[in-house]
1. Testing residue A:274 on (1) modelled with pLDDT under 85; (2) within 20 Å of residue A:231 (Cα to Cα), one condition comes back false. Which one is that?
2. Residue by residue through segment B:246-267, note down the ones that are touching a residue at least 24 places away in the same chain (Cβ under 8 Å) and within 7 Å of chain A (Cβ to nearest Cβ).
3. Of all residues in segment A:8-39, which are modelled with pLDDT under 80, surrounded by fewer than 16 Cβ atoms within 10 Å (Cβ to Cβ) and either facing chain B (nearest Cβ under 7 Å) or in a helix (DSSP H, G or I) (or both)?
4. Exactly one of (1) under 21 Å from residue A:313 (Cα atoms); (2) surrounded by 14 or more Cβ atoms within 10 Å (Cβ to Cβ); (3) at pLDDT 85 or above is unmet by residue A:221. Its number?
5. Among the candidates B:209, B:214, single out the residue that is farther than 15 Å from residue B:138 by Cα, within 14 Å of chain A (Cβ to nearest Cβ) and crowded, with 22+ Cβ neighbours inside 10 Å.
6. Is at least one residue of segment B:114-128 within 21 Å of residue A:35 (Cβ to Cβ), modelled with pLDDT of 90 or more and either in a helix (DSSP H, G or I) or within 14 Å of chain A (Cβ to nearest Cβ) (or both)?
7. So which of B:89, B:96 ends up being within 14 Å of chain A (Cβ to nearest Cβ), surrounded by fewer than 24 Cβ atoms within 10 Å (Cβ to Cβ) and within 16 Å of residue B:213 (Cα to Cα)?
């Protein structure tokens, strides 16, 4: 633990210390006149003494202290390495609360593994899914020497593609989960909206067939086809645009607001993003590329919408492929906790220093009060 | 506190003091100095009952005829000695201490005068006053008795020290009024050379001169903590200086000046006693009487 100044140049404000010094010295040139008949025994010009005399030393000291504290406040003093290095026990929601007594000692800090890391007390917060991300955040926010114990349920929600790599070795405790395992819900099928060039309705039937295939048994297809001039309904999620030429402005705005659009090969879109191949044929040639536009996605076909150029339109798995293109399935995020223990090896993170300015501000306020009290008390003789 | 009022405590201490001339031989021809002894003077003092040994000539026979008892006429014998108090009223006497701005050197000198008068009154001597002021001396011829004391205090009460006293101008008056065997008390600060010279001239003519030098406590302690402008009220000269820087040098020089003054006056046969304004006025009187009664 050592102190430092984040802005040492502000110490130039210490030059202001000269002001009270000048105030307290300058006053003594004023002198009262006294009658003194024994004047002839006063030496007319005693050897010139330049030693400055200072009035009211206590008040001067207070003022100097006040100014020095102000300059120090401007220089932003911090204490490095003053962070709390008690052992931390982080409990993921869904763990039986009795686990705390068995793991945490008296001086340990016990927190919930939820955003903000609230203090562990009886009521478990609402379960969140980003547990692994929170583990990384907690590791980054703790000083390198702090021991960390993570208590997680058997099944971790919110895992991502990589086992977390932390800067320290953690104690990984897997306990019984009190939460019922969530069953993944069936993906909702969007209403497929098709906009085509006026009179060119040939490609529409492939999409109507796909929408019919998506529909649950006994229900009709959720499908809507119209010429390109018809504006989009509010709430449209998936759009197939087969008209050639530039995409109109409202549709572009809709895409950037979060819509997903499948564009035919001859549709022009003013947005150009980083495209990745989203659909390949049997021999690996790209059939469609996907890119993000604003908050939405754009899928561009690389071939015309006709079976001679795109025989996959007639394949039996085209509806599934189309659904996958328009509503990509979420990445798997559920993992067995025992197999997802964090690895060690990340370089430790620098901890933010402890800011002393609020405390210094308190000291400054106290000093100012004392200075005002001394400077205005009635017993004072003169008023520099 | 008025400078002319004497506290009962001071009064009782003064009662034990006496003012005696240094040269008792000068009084030998005049008999005892103490004016309390009643004898064959002219002024009637009192009747008292006849005692054995009284001179029969002193019996008041007419009173005997009226009352059938012997009474003796007592007469106050006039003292051959007058006590002169010469009070300096120059501007330098107005100086007061920093701590007690309403008790000046002149107040202390008047207090001292009243004390001397009290002693003189008590021992029955005549006492006179000369106030040496700038516009001219105020002379109060010697007299005795409480009424004369009151007259003297009444003269003192309205006085304000101001200006520069002209000792050379008035020394002739001193010589005329003060008798050759009188006691003279100068009450002054002793800073004026003409004043010293006047005392020396009076002493040179055989008069018994004492000088009570009234000094302020500031001159003794020099308690000036900061810068001051020191101003001499008589010469008008001023000096700006820092108190602590001046202090040591001043105290040394002032003590040396006092020693020189004392040796000079002693050499001329003048007794010098220093009196500080914050002290009791009976101390210098005691110092003067002790000096005379020692051998």
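The values are calculated or read from the model by the stated rules, or taken from the named source; none is laboratory data. Everything numeric in this text was worked out from a predicted model, so none of it was measured. Note: ideal-geometry Cβ built from the backbone for every residue, glycine included; neighbour counts use all protein chains shown.
1. With respect to (1) modelled with pLDDT under 85; (2) within 20 Å of residue A:231 (Cα to Cα), residue A:274 is out only on (2).
2. So in segment B:246-267, the residues touching a residue at least 24 places away in the same chain (Cβ under 8 Å) come out as B:246-247, B:250-251, B:254, B:258, B:261, B:264-265.
Passing the criteria: B:246, B:250, B:254.
3. Result: A:25, A:26, A:29, A:32.
4. Condition not satisfied by residue A:221: (3).
5. B:214
6. There is no residue in segment B:114-128 that is within 21 Å of residue A:35 (Cβ to Cβ), modelled with pLDDT of 90 or more and either in a helix (DSSP H, G or I) or within 14 Å of chain A (Cβ to nearest Cβ) (or both).
7. On the way: B:89 fails: surrounded by fewer than 24 Cβ atoms within 10 Å (Cβ to Cβ).
The unique qualifying residue is B:96.
Listed here are the residues, each with its yes/no results for (1) at pLDDT 80 or above; (2) crowded, with 18+ Cβ neighbours inside 10 Å; (3) more than 14 Å from chain B (Cβ to nearest Cβ).
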| residue | (1), (2), (3) |
| --- | --- |
| A:41 | yes, yes, no |
| A:62 | yes, yes, yes |
| A:71 | yes, no, yes |
| A:102 | no, no, yes |
| A:107 | no, no, yes |
| A:124 | no, yes, yes |
| A:130 | no, no, yes |
